[in-house]
Structure formats: structure tokens, C-alpha cells
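S.K.: Sharing a structure below in C-alpha cells format, with a few things to ask.
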Amino acid sequence: MAGHSQFKNIMHRKGAADAKRSKLFAKLAREITVAAKLGLPDPKMNARLRLAIQNARAENMPKDNVDRAIKKALGNDGENYDEIRYEGYGPGGVAVVVEALTDNRNRTASAVRSYFTRAGGALGETGAVSFMFDHVGQITYKPEAGTPDAIMEAAIEAGADDVESTEEGHVVIAAFEAMGDVAKALEEKIGEAESVKPVWKPQNLVPVDEEKAASLLKLIDQLDDDDDVQAVYTNFEVSDEVLQKLTAA
């Protein structure tokens, strides 16, 4: 029986991982479609599309999926997505920024509001919390891209604002407006980045206890699980021990 239970547990986890991957591919495809629709369908002539394809490749999204997403933009199928940013407060007064691509504003607003309410938070107006974040370009590289010193040197030459190197890789921060130019300069120097995207980087972090952290992680999971939500940013911090405990499988 133990073996059977273990098998079921493994299959359940595999199913959950597959479902998560499928959802991620759908979100990446939506970004590709929107980028292709807003500009030219050629990534060489469309910086946003080029970045969207690059980020899809970083997640090992099949080329067929990428091609289908671009063709969808050309197909004039009537699907038009709006880019919307929601802002609010989660448990413990933590600021939350949610970016969405939706073909139904009412549906998405209602869903996002319900996630905040259930978590004991509140959705605010646009601008309610974004002033606590810097909108910047984030360019990531795997550890093998180079030594921290080499990445730092390349980033300085490329015009980046900051670099953080850890065992997990290198994160280069650039001004939002300069993101494309910095990424291109880095690519010429150290190769193609793992991902290049605009992010909301918190200016200061708010410490939370285990109970608040559990509620926040649940809120983030619910938001991430929504098909219309592309990204979620918060300004909370929690100890490694608590985070490990809360995210243990």
C-alpha cells in the first residue's frame, strides 16, 4: 500500500507540474500574440516580440507553440487583449502589484478583487502602491555565463544600473527605457540572456511573520493560477527558515 500511495503521490505531483507548465506556456503565448499584434510579426523588427520569444525559449517552450502564437496575431481572430495593472494591499499591509493581459476586463477585475478579499487584503486604485516600486528592466543569466566580476564588468560597459550574482545566477538591473539596449550590449559581450523583462522592484521590504507569509503565498498562488495574470510583485520578506517550511512539498 505504501508503494501505491507513493506512486499516486508522485503522479499527482507530476500532474500538477505538467498543469503548471501548460499554464506558463499559455501565458507566454499570450504575451507573444500581444507583442506581435502591437508591432510587426518579425522579432528582428519588434523588440517586445523578440524579448517575448527569448523568454519563451528560456522556459523550453516548443517552437511550434511560438509560431502558433505569432500566427494567432496575424489571423485576426477577434481576440484583443488589454494590458491592465492592479494594485493593492495583502495581509500585513504588504504591497502587491499584479500585471494582467485580458480579453474581459470585468472578469479579471472581479477575480483579482476576490483573491485579495479572501486573503484579508484590499484592491486599491492604480497608483496605490506602485510608487513603492521601481519599474526597471531585469536581465538574468545562468551561473555559467561568467564570473561575478566578468558579469559586473560587462554590465557596467553595457550601461546597467546594478548587478546581483548568487549561486543561482546573475541578475542585471537596467533602467526600463534602456532595457533593450543594455540587453543587446550584454548579448554581444557574454551571450544571450536567460530572460529579459520589465519588473516592479520594491524599494524597501516589509518583514512578515509565518502566519502572514502563509496568507501572502496563498494569495500569490491564486493570482499566478489565474489565466489572465501575467506577473505578480510584492515587497514582503520572510526568513529562509519560514519560507522553506511554508514551501516544503
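S.K.: When residues of region 37-64 are filtered for being open to solvent by less than 40 Å² (accessible area, probe 1.4 Å), under 20 Å from the mean Cα position of the chain (by Cα) and not hydrophobic (A, V, I, L, M, F, W, C), how many remain?
M.R.: Here the count works out to 2.
S.K.: Return the residues of region 39-59 that are touching a helix residue (DSSP H, G or I) at 6+ places or on another chain (Cβ under 7 Å) and assigned to a helix (DSSP H, G or I); say none if nothing qualifies.
M.R.: Once the filter is applied, which keeps residues that are touching a helix residue (DSSP H, G or I) at 6+ places or on another chain (Cβ under 7 Å) and assigned to a helix (DSSP H, G or I), region 39-59 yields Ala47, Arg48, Leu49, Ala52, Ile53, Asn55, Ala56.
S.K.: Going residue by residue through region 77-95, is there one that turns out to be more than 20 Å from Leu28 (Cα to Cα), touching a residue at least 40 places away in the same chain (Cβ under 8 Å), among the hydrophobic types (A, V, I, L, M, F, W, C) and open to solvent by less than 60 Å² (accessible area, probe 1.4 Å)?
M.R.: Scanning region 77-95 turns up at least one residue that is more than 20 Å from Leu28 (Cα to Cα), touching a residue at least 40 places away in the same chain (Cβ under 8 Å), among the hydrophobic types (A, V, I, L, M, F, W, C) and open to solvent by less than 60 Å² (accessible area, probe 1.4 Å).
S.K.: With the structure loaded, tell me whether Val182 is open to solvent by less than 60 Å² (accessible area, probe 1.4 Å), in a helix (DSSP H, G or I) and at pLDDT below 90 or whether it fails that test.
M.R.: no
S.K.: Can you pull out the residues in region 233-248 that are in a strand (DSSP E or B) and within 16 Å of Asp221 (Cα to Cα)?
M.R.: Selection gives Tyr233, Thr234, Phe236.
S.K.: A follow-up question, please. Given the conditions (1) surrounded by fewer than 21 Cβ atoms within 10 Å (Cβ to Cβ); (2) at pLDDT below 95, which single one is not true for Ala69?
M.R.: Failed condition: (1).
S.K.: A follow-up question, please. Run Lys197 past the list (1) within 20 Å of Thr247 (Cβ to Cβ); (2) among the charged types (D, E, K, R); (3) crowded, with 16+ Cβ neighbours inside 10 Å and report the number of the one that doesn't hold.
M.R.: (1)
S.K.: Also: For the condition surrounded by fewer than 14 Cβ atoms within 10 Å (Cβ to Cβ), under 26 Å from Ala56 (Cβ atoms) and without any contact (Cβ under 8 Å) to a residue 60 or more places away in the chain, what is the one hit in Asp240, Asp221?
M.R.: Residue meeting the stated conditions: Asp221.
S.K.: Considering Glu157, Glu188, Glu168, which residue is open to solvent by 80 Å² or more (accessible area, probe 1.4 Å), more than 27 Å from Ala95 (Cβ to Cβ) and in contact with a helix residue (DSSP H, G or I) (Cβ under 8 Å, 6 or more places away or on another chain)?
M.R.: Among Glu157, Glu188, Glu168, only Glu157 is open to solvent by 80 Å² or more (accessible area, probe 1.4 Å), more than 27 Å from Ala95 (Cβ to Cβ) and in contact with a helix residue (DSSP H, G or I) (Cβ under 8 Å, 6 or more places away or on another chain).
The values are calculated or read from the model by the stated rules, or taken from the named source; none is laboratory data. This structure is a prediction, so every number in the text was calculated from the model and none was measured. Every residue, glycine as well, gets a Cβ built from its backbone with ideal geometry; the counts of neighbours run over all protein chains shown. For the accessible areas, the whole protein counts, side chains as well, though only heavy atoms, and no ligand, DNA or RNA atoms are used. Shrake-Rupley method; radii C 1.70, N 1.55, O 1.52, S 1.80 Å.
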